[in-house]
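The next block holds one structure in the form of structure tokens; read it before the comments.
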Amino acid sequence: MTLFIGLMSGTSLDGVDAALVEIDDHGKAHLLATHAEPMPDSLRESLLALCQAERVEFAELASAEHAFCHLQATAVKRLLAANDTQPEAIAAIGSHGQTIEHAPWGHGRGHEEAPAYTLQLDNPSLLAELSGCTVVADFRRRDLAAGGQAAPLAPAFHEALFRRPGAWLLVLNLGGFANLTLLPPAESDAEVIGFDTGPANALMDGWHGRHRGGRFDPDGAWAASGRVDEALLERLLAEPFFHRPPPRSTGREVFHLDWLARHLTKSEAPADVQATLSELTATSVALGVEMARERLQAPPAAALIPCGGGAHNPDLLARLARHLPETPLVPSSDWGWPADWLEAGAFAWLAWRRLQGLPGNLPSVTGAAGPRVLGGIYAP
């Protein structure tokens, strides 16, 4: 058994999740301990501004990256201290970094050629220095170099954790954005597929913050108090991304409050907009499920396993259940892994894959030309 730490800060920008994971020689992962380090408001505001900025100064990027790296190091140190574990006991930290922009199809912006790119703020050299641990980082760009989307990467971990004989299963991560994994039965020759379905918490959190303050809508209560505006929902669902076949991935560069504003008439009640955004997430997930099933000619799944922050939103889960009446929603804890720690666990597992020299991507998910070993290694 070997110890790894996975670090994840997603598009919700609520903090750094640190997971202490034990992995055996066969790659079976066991979650031992966790720590969530909240993101200071000042850093969150800086990162949000960078995500939406048309032009950025290098000093701004460097400052945000430096602060983010120190936040990661704090998360690692507090996780280790709480579990009486020394840095030398950790084989590696798997660091995802903080995504600032993700453009798997490129952005033209007046240039004749628009290469695909993905940018995560991360400083693995500094993190290795601050933590005293080997760091594995920059997981995404190797897949991108092979023609892939560079995202999502978690479906490979979903396969390792949840794939079972005799059952089709869905895993749904409801972070700032939603991504879906369809797992065929273990005995099937069908490939695992996964892709982003669209926004999840990002728009709902932003709209709630603008009108009611706070970082999110607790229990989806405000959304539940509103009524879905069907005309608005139809306008939002006309966004081409929702109808693009996989492989596909997205982020704040497509879906943000300014994007939402372009679809509003300004006569909508704010609570109704929140309800419509929750319905948008549920509807786009259902469209994704239909697309995935059609791709693999799959029957209704035996279970959908929700994870991420949205797994604690009763309003959103109720909407998903209405859209997917043939598929029960089963908590990920029933399958041996808590809903909040799947993504951090994935990057611990991907760090193990890197040290073993094993591929970390699934070409059937990302569209890469083939399996690739992901990430660079940074010694302390």
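The values are calculated or read from the model by the stated rules, or taken from the named source; none is laboratory data. If you're wondering where the values come from, they're calculated on a predicted model, not measured in any experiment. Virtual Cβ from ideal backbone geometry, glycine too; neighbours counted across all protein chains shown. With ligands, DNA and RNA removed, areas are computed over all heavy atoms of the protein, side chains included. Shrake-Rupley method; radii C 1.70, N 1.55, O 1.52, S 1.80 Å.
Scoring residue 119 on the criteria (1) surrounded by fewer than 24 Cβ atoms within 10 Å (Cβ to Cβ); (2) closer than 21 Å to residue 61 by Cβ; (3) touching a residue at least 60 places away in the same chain (Cβ under 8 Å) leaves a single failure, condition (3). Here residue 61 does not fit the description of being of a type in the set (A, V, I, L, M, F, W, C) and assigned to a strand (DSSP E or B). Inside segment 191-242, residues that are in contact with an Asp or Glu (Cβ under 8 Å, 6 or more places away or on another chain) and charged (D, E, K, R) make up a count of 6. Screening residue 325 with (1) part of a helix (DSSP H, G or I); (2) out of contact with any helix residue (DSSP H, G or I) (no Cβ under 8 Å at 6 or more places or on another chain); (3) open to solvent by 10 Å² or more (accessible area, probe 1.4 Å) gives one miss only, at (1).
The condition (being farther than 21 Å from residue 12 by Cβ, open to solvent by less than 80 Å² (accessible area, probe 1.4 Å) and modelled with pLDDT of 95 or more) is satisfied by just one residue among 91, 59, 67: 91. Residue-level check: of (1) open to solvent by 30 Å² or more (accessible area, probe 1.4 Å); (2) within 19 Å of residue 262 (Cβ to Cβ), residue 188 misses just (2). For segment 157-184, the set of residues classified as modelled with pLDDT of 95 or more, closer than 24 Å to residue 12 by Cβ, open to solvent by less than 10 Å² (accessible area, probe 1.4 Å) and outside any strand (DSSP E or B) consists of 157, 158, 162, listed by residue number.
Being in contact with an Asp or Glu (Cβ under 9 Å, 6 or more places away or on another chain) and more than 23 Å from residue 203 (Cβ to Cβ) holds for only one residue in 67, 82, 29, 33, and it is 29. Of all residues in segment 129-156, those satisfying the criterion of being among the aliphatic types (A, V, I, L, M), buried (at least 24 other Cβ atoms within 10 Å of the Cβ) and either in contact with a Pro (Cβ under 7 Å, 6 or more places away or on another chain) or assigned to a loop (DSSP other than H, G, I, E, B) (or both) are 135, 137, 150, 151, 153. Contact map, segment 223-236: first residue on the phi < 0 side of the Ramachandran plot and open to solvent by 60 Å² or more (accessible area, probe 1.4 Å), second residue in a helix (DSSP H, G or I) and modelled with pLDDT of 95 or more, Cβ cut-off under 7 Å, separation 6 or more or different chains; pairs are 224/315; 225/271; 227/272; 227/275. Of the residues making up segment 284-303, those that are among the hydrophobic types (A, V, I, L, M, F, W, C) and either part of a helix (DSSP H, G or I) or within 17 Å of the chain's Cα centre (by Cα) (or both) are 285, 286, 287, 289, 291, 292, 296. There is no residue in segment 90-109 that is assigned to a loop (DSSP other than H, G, I, E, B), touching a Gly at 6+ places or on another chain (Cβ under 8 Å) and small (Gly, Ala, Ser).
The rows are residues; the columns are (1) closer than 25 Å to residue 11 by Cβ; (2) among the aromatic types (Phe, Trp, Tyr); (3) out of contact with any Gly (no Cβ under 8 Å at 6 or more places or on another chain).
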| position | (1), (2), (3) |
| --- | --- |
| 338 | yes, no, yes |
| 341 | yes, yes, yes |
| 345 | yes, no, no |
| 350 | yes, no, no |
| 354 | yes, no, no |
| 365 | yes, no, no |
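If only residues of segment 185-220 that are of a type in the set (A, V, I, L, M) and part of a helix (DSSP H, G or I) are counted, the one that is nearest to residue 153 (Cα to Cα) is 202. Pairs are defined by a Cβ separation below 7 Å, a sequence spacing of at least 6 or placement on different chains, a first member in segment 249-261 that is in a loop (DSSP other than H, G, I, E, B), and a second member that is β-branched (Val, Ile, Thr); the pairs so defined are 251/11; 251/99; 252/11.
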